[in-house]
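First the structure, in the form of structure tokens, and then the observations on it.
The values are calculated or read from the model by the stated rules, or taken from the named source; none is laboratory data. Nothing here was measured: the structure is a model prediction, and the numbers come from that model. Neighbour counts run over all protein chains shown; Cβ positions are idealised from the backbone, glycine included.
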Amino acid sequence: MPPPVFRFAPSPNGYLHLGHAYSALLNADLARQAGGRLLLRIEDIDATRCRPEYEAAIYEDLRWLGMAWETPVRRQSEHFASYRAALDRLAAKGLIYPSFESRAEIARMVAERDANTPWPRDPDGASLYPGTAKRLSARERETLMASGAPYALRLDMAAALASAGDLDWTEEGAGPSGETGRVAAQPEAWGDVILARKDTPASYHLAVVLDDALQGVTDVVRGQDLFWATSVHRLLQRLLDLPAPRYRHHALLRDAAGAKLSKSTRATGLRELRVEGVTPGEVRRRIGL
């Protein structure tokens with residue numbers, strides 16, 4: 001039996017903080033304990049936010065923590081053709097469609113409906129897409145796309161569920177409410193999710209399942225904030241005939257106010273801790289490893 005394959009997959013859109021250190025070191029520890037392999041993947045699809053200096057800092061911070069990984073490192077920006085091919089497969093099955101509304105237009109449509117009956121929201125709290133673009137004819141869609149209008153490619157969730165059937169996954173960690181073992185997937189809770197945009201070749205959902213499959217990842221270890229997103233990932237794996245890895249979702253590190261550590265809130269970076277004289281051993285103690 002081949003050894004298990006783990007991966008750490010950061011985005012170079014900011015500097016790594018203690019939350020990243022926890023996930024990275026946990027993956028490294030589990031890979032070592034299982035006699036497995038550890039991969040590093042750079043998730044740099046978002047060209048507007050990802051920067052070379054952040055990518056360089058990722059390598060520097062991880063080496064400082066004492067980590068080693070297999071090379072070459074997979075960079076998503078070098079594999080756009082793989083994502084396009086997957087979208088073409090889904091399109092051939094009639095499972096994706098373009099939507100042309102702006103975020104402001106969608107918010108306005110939802111607000112109008114929400115005034116009468118509470119509009120459903122996804123597990124992250126965002127309003128579900130109303131599905132209005134599905135009523136456009138093929139000619140109308142082609143005309144809009146040919147005009148250069150911005151668009152998003154969405155998964156037709158109802159059609160996808162009819163094709164996929166029931167889904168679940170093996171959870172070796174725990175969900176936000178303690179879910180573990182065999183967990184029933186609920187992709188319908190996300191509505192018609194975006195799989196790509198005109199200027200972005202793949203969403204996180206699409207890219208992550210393809211990358212994990214193409215890299216032979218057997219064990220996905222990541223934060224609990226992505227627990228219910230696994231429902232969408234399992235659906236895409238079924239639709240694209242991809243293997244399902246084992247999943248282990250871990251608790252998130254939080255600040256004094258109870259919010260998860262995040263780049264967007266400028267959580268203290270590993271590089272700052274290093275300048276302060278904090279050692280890799282102290283980092284491990286701080287994060288509970």
### Query
Quick check: is even one residue across the range 197-215 of a type in the set (A, V, I, L, M), touching a Lys or Arg at 6+ places or on another chain (Cβ under 6 Å), modelled with pLDDT of 95 or more and buried (at least 16 other Cβ atoms within 10 Å of the Cβ)?
no
### Query
So how many residues does the range 108-150 have that are within 23 Å of residue 229 (Cα to Cα), touching a strand residue (DSSP E or B) at 6+ places or on another chain (Cβ under 8 Å) and among the small types (Gly, Ala, Ser)?
1
### Query
If you scan the range 113-152, which residues turn out to be farther than 22 Å from residue 188 by Cα, part of a helix (DSSP H, G or I), free of Cβ contacts under 8 Å to residues at least 24 places away in the same chain and not small (Gly, Ala, Ser)?
139, 140, 142, 143
### Summary
When restricted to 242, 273, the only residue crowded, with 16+ Cβ neighbours inside 10 Å, in contact with a helix residue (DSSP H, G or I) (Cβ under 8 Å, 6 or more places away or on another chain) and modelled with pLDDT under 95 is 273
### Query
What is the number of the single condition among (1) crowded, with 17+ Cβ neighbours inside 10 Å; (2) in contact with a Phe, Trp or Tyr (Cβ under 8 Å, 6 or more places away or on another chain) that residue 164 does not meet?
(2)
### Query
For the range 191-289, which fully contained strands (runs of 3 or more DSSP E) count at least 3 residues that are of a type in the set (A, V, I, L, M, F, W, C) and out of contact with any Pro (no Cβ under 7 Å at 6 or more places or on another chain)?
194-197
### Task
Name the residue, out of 170, 218, that is over 15 Å from the mean Cα position of the chain (by Cα), farther than 24 Å from residue 80 by Cβ, of a type in the set (Ser, Thr, Tyr) and buried (at least 17 other Cβ atoms within 10 Å of the Cβ).
218
## Note on the structure
In the range 42-72, anything basic (Lys, Arg) and either touching an Asp or Glu at 6+ places or on another chain (Cβ under 6 Å) or farther than 29 Å from residue 196 by Cβ (or both) is listed as 63
### Message
For the condition more than 22 Å from residue 160 (Cα to Cα), basic (Lys, Arg) and surrounded by 15 or more Cβ atoms within 10 Å (Cβ to Cβ), what is the one hit in 285, 248?
### Response
248
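When you go through 49, 108, 7 one by one, which is the residue that is over 29 Å from residue 161 (Cα atoms) and not aliphatic (A, V, I, L, M)?
Values: 108 fails: over 29 Å from residue 161 (Cα atoms); 7 fails: over 29 Å from residue 161 (Cα atoms).
Exactly one residue qualifies, and that residue is 49.
Taking the options 44, 88, 61, 29, name whichever one is surrounded by fewer than 21 Cβ atoms within 10 Å (Cβ to Cβ), among the charged types (D, E, K, R) and in contact with a helix residue (DSSP H, G or I) (Cβ under 7 Å, 6 or more places away or on another chain). Steps first, please.
Values: 88 fails: in contact with a helix residue (DSSP H, G or I) (Cβ under 7 Å, 6 or more places away or on another chain); 61 fails: surrounded by fewer than 21 Cβ atoms within 10 Å (Cβ to Cβ); 29 fails: in contact with a helix residue (DSSP H, G or I) (Cβ under 7 Å, 6 or more places away or on another chain).
Being surrounded by fewer than 21 Cβ atoms within 10 Å (Cβ to Cβ), among the charged types (D, E, K, R) and in contact with a helix residue (DSSP H, G or I) (Cβ under 7 Å, 6 or more places away or on another chain) holds for just one of 44, 88, 61, 29, which is 44.
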